[in-house]
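Throughout, read-outs are computed from the coordinates displayed, never taken from laboratory work. Please read all numbers here as calculations on a predicted model, not as lab measurements. Methodologically, a virtual Cβ is constructed for each residue, glycine included, from the backbone with ideal geometry; neighbour enumeration extends over all protein chains shown.
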């Protein structure tokens with residue numbers, strides 16, 4: 001059965017694929033966490049988060065990845081059409097040994113600081129967090145990850161949930177606050193982004209991306 005042809009890929013109620021699973025382990029030391037990450041290797045689907053002794057393993061579902069990759073394509077399309085640079089870091093591990101905190105986002109991007117990431121194998125300073133992180137919550141809340149991103153200084157998080165759709169969070173002095181516009185893309189509102197996501201229920205991914213391009217190009221002519 002073709003998922004795209006017979007069910008809405010953004011409608012969890014009709015999705016019969018495996019749901020995202022999470023495992024939480026307590027009292028895990030930082031050296032033990034590092035050893036586990038090394039043993040698991042880089043070629044794995046599992047996302048790992050660590051927060052001062054609490055280790056979380058997230059195994060994304062097919063639906064989770066469909067939404068994640070669509071949002072990632074939207075981000076990269078916006079950078080192309082707006083003349084911005086971008087470095088897509090995927091789920092590269094973000095960690096601070098001094099804080100004993102680490103997380104692997106669904107996708108992380110350098111946009112404002114893309115010029116600081118040079119070459120195919122850049123040496124990225126621990127203090128230089130991605131400018132934008134995507135988190136998709138289908139059945140596993142990302143509360144722990146949001147706390148980690150806050151401590152790591154990630155300035156903006158796009159968080160998708162079934163209940164609310166996409167929500168934009170920007171880092172303020174008191175923590176993350178919901179906003180209607182993106183820091184990375186001030187020209188784009190949250191309402192518009194959710195419209196594009198809703199279109200995916202009845203259109204292909206490429207059709208949605210073409211709609212994003214057309215909307216940005218039309219806006220530039222206004």
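Remarks
- With N the number of residues in the stretch 3-221, Rg(Cα) / (2.2 N^0.38 Å) evaluates to 1.02.
- Choice from 148, 67, 124 with maximal GNM fluctuation in the chain (Cα, 10 Å cutoff): 124
- Each peptide in 46-52, 91-97 was scored by the mean count of other Cβ atoms within 10 Å over its residues; highest first, the order is 46-52, 91-97.
- Highest-MSF residue in the chain out of 83, 165, 175 [GNM, Cα springs under 10 Å]: 83
- Backbone N atoms of the stretch 57-81 closer than 17 Å to the 7 Å Cα→Cβ label point of residue 45 belong to residues 57-70.
- Each principal axis of the Cα atoms in the stretch 174-222 has its own extent, and those three values, largest first, are 39, 28, 13 angstrom.
- Rounded to 10°, Cα long-axis angle of helix 62-81 versus longest principal axis of the chain: 70
- Efficiency of FRET from Cβ geometry, residue 174 and residue 97, R₀ 35 Å, rounded to 0.05: 0.85
- Relative contact order %, the stretch 3-221, counting alpha carbon pairs below 8 Å whose residues are six or more apart: 18
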